[in-house]
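One structure is given below, encoded as structure tokens.
The values are calculated or read from the model by the stated rules, or taken from the named source; none is laboratory data. The shown structure was predicted, so the numbers you read here are calculated from the model rather than taken from an experiment. As a convention, Cβ positions derive from the backbone with ideal geometry for all residues, glycine included, and neighbour counts pool all protein chains shown. Side chains are part of the model used for accessible areas, which takes the heavy atoms of the whole protein and leaves out ligands, DNA and RNA. Shrake-Rupley method; radii C 1.70, N 1.55, O 1.52, S 1.80 Å.
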Amino acid sequence: MSQPLPSPAEIAAAIRNIPDFPKPGIQFKDITPLLADARLFSASIDLMIGDYKPGMVDAVVGIDARGFIFAAAAAAKLHAGFIPIRKKGKLPFQTHEQSYDLEYGTATVAVHVDALKPGSRVLLIDDLLATGGTAGAAASLIRKLGAEILEMSFLIELKFLDGRKRLGDCPIRSLLSY
Ligand code: AMP
């Protein structure tokens, strides 16, 4: 008999809060207990995919590094390709790069120039939406390649940081909000 789908509250209970990591004032959302639980991990992927079915999505793009975990699993479930967006300097082939502002300084993400075909239908996935800088830069790279973002999906959204306002009018899904 199949087990009932876990509730978002049950998934939330498997995420550990680590105060002052990696620096003072940040409360880090540690997803490793969730990943270690087969039932909760699989349900998280199903909920992040929503109503998308195989054939509706050409590629799932994941953001370095925890986004890869969810995006790769989602890609396999959707019979779609997986495309990594990585921190600058990690991808071996020719890349496009996009920088974005951090609280102090800037960061840069990159994608292979041939990673997506123009017109590809893409789901963009990361573990967590905070200020939206990372996802916004990733979205710029996807659009630069001529692909279409159907939806951005996050396991966690830190609502108080208002990241959505940096992401335009693209549909955004998040499972858990804080
Ligand atoms: P941002 O660009 O501010 O939206 O930050 C999102 C990225 O930073 C994601 O790739 C997250 O993995 C990571 N991140 C930001 N804040 C946290 C947090 N409190 N806990 C875990 N990861 C975080």
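Can you tell me which condition Gly132 does not meet? The list is (1) on the phi > 0 side of the Ramachandran plot; (2) among the small types (Gly, Ala, Ser); (3) surrounded by fewer than 18 Cβ atoms within 10 Å (Cβ to Cβ), and all the others hold.
Among (1) on the phi > 0 side of the Ramachandran plot; (2) among the small types (Gly, Ala, Ser); (3) surrounded by fewer than 18 Cβ atoms within 10 Å (Cβ to Cβ), the lone unmet condition for Gly132 is (3).
Based on this model, can you work out whether Leu102 counts as out of contact with any Lys or Arg (no Cβ under 8 Å at 6 or more places or on another chain), hydrophobic (A, V, I, L, M, F, W, C) and either open to solvent by 40 Å² or more (accessible area, probe 1.4 Å) or closer than 18 Å to Ser140 by Cβ (or both)?
On the way: out of contact with any Lys or Arg (no Cβ under 8 Å at 6 or more places or on another chain): yes; hydrophobic (A, V, I, L, M, F, W, C): yes; either open to solvent by 40 Å² or more (accessible area, probe 1.4 Å) or closer than 18 Å to Ser140 by Cβ (or both): yes.
Yes: the conditions hold for Leu102.
If the requirement is being among the hydrophobic types (A, V, I, L, M, F, W, C) and more than 19 Å from Ile142 (Cα to Cα), which of these qualifies: Ala59, Ala76, Ala65? Steps first, please.
On the way: Ala59 fails: more than 19 Å from Ile142 (Cα to Cα); Ala65 fails: more than 19 Å from Ile142 (Cα to Cα).
That would be Ala76, the only listed residue that is among the hydrophobic types (A, V, I, L, M, F, W, C) and more than 19 Å from Ile142 (Cα to Cα).
Within region 119-175, track down each residue that is part of a strand (DSSP E or B) and either over 14 Å from the mean Cα position of the chain (by Cα) or of a type outside the set (A, V, I, L, M, F, W, C) (or both). Reasoning before the result, please.
Initially, region 119-175 is screened for residues part of a strand (DSSP E or B), giving 121-129, 148-157, 172-175.
Selection gives Arg121, Asp126, Asp127, Glu148, Glu151, Ser153, Glu157, Arg173, Ser174.
Working only within region 150-167, note down all residues that are surrounded by fewer than 20 Cβ atoms within 10 Å (Cβ to Cβ), of a type outside the set (D, E, K, R) and within 12 Å of Leu124 (Cβ to Cβ).
If the condition is that a residue be surrounded by fewer than 20 Cβ atoms within 10 Å (Cβ to Cβ), of a type outside the set (D, E, K, R) and within 12 Å of Leu124 (Cβ to Cβ), then Leu150, Leu167 are the ones that fit.
Can you tell me how many residues within region 48-59 are in a loop (DSSP other than H, G, I, E, B) and of a type in the set (Val, Ile, Thr)? So that I can check it myself, show each step before the final result.
Of all residues in region 48-59, those in a loop (DSSP other than H, G, I, E, B) come to 50-58.
Right, trim to of a type in the set (Val, Ile, Thr) and you get 57.
Matching residues across region 48-59 total 1.
Quick one: Thr108 ticks every box in (1) surrounded by 24 or more Cβ atoms within 10 Å (Cβ to Cβ); (2) assigned to a strand (DSSP E or B) bar one, so which box is it?
Answer for Thr108: the failing condition is (1).
How many of the residues making up region 69-97 are within 28 Å of Leu47 (Cβ to Cβ) and either β-branched (Val, Ile, Thr) or outside any loop (DSSP other than H, G, I, E, B) (or both)?
Residues of region 69-97 within 28 Å of Leu47 (Cβ to Cβ): 69-87.
So of that shortlist, the ones also either β-branched (Val, Ile, Thr) or outside any loop (DSSP other than H, G, I, E, B) (or both) come out as 69-78, 81-87.
Of the residues in that region, 17 qualify.
Being more than 11 Å from the ligand (Cβ to nearest atom), part of a loop (DSSP other than H, G, I, E, B) and closer than 20 Å to Ile125 by Cα is the filter here, so list the residues in region 4-15 that pass it. Quick ask: steps written out before the conclusion?
Filtering region 4-15 for residues more than 11 Å from the ligand (Cβ to nearest atom) gives 4-14.
Now narrow it down to the ones that are part of a loop (DSSP other than H, G, I, E, B): 4-7, 14.
Ala14, the sole residue that qualifies.
Of all residues in region 16-47, how many are part of a strand (DSSP E or B), surrounded by 12 or more Cβ atoms within 10 Å (Cβ to Cβ), in contact (Cβ under 8 Å) with a residue 12 or more places away in the chain and within 10 Å of the ligand (Cβ to nearest atom)?
2
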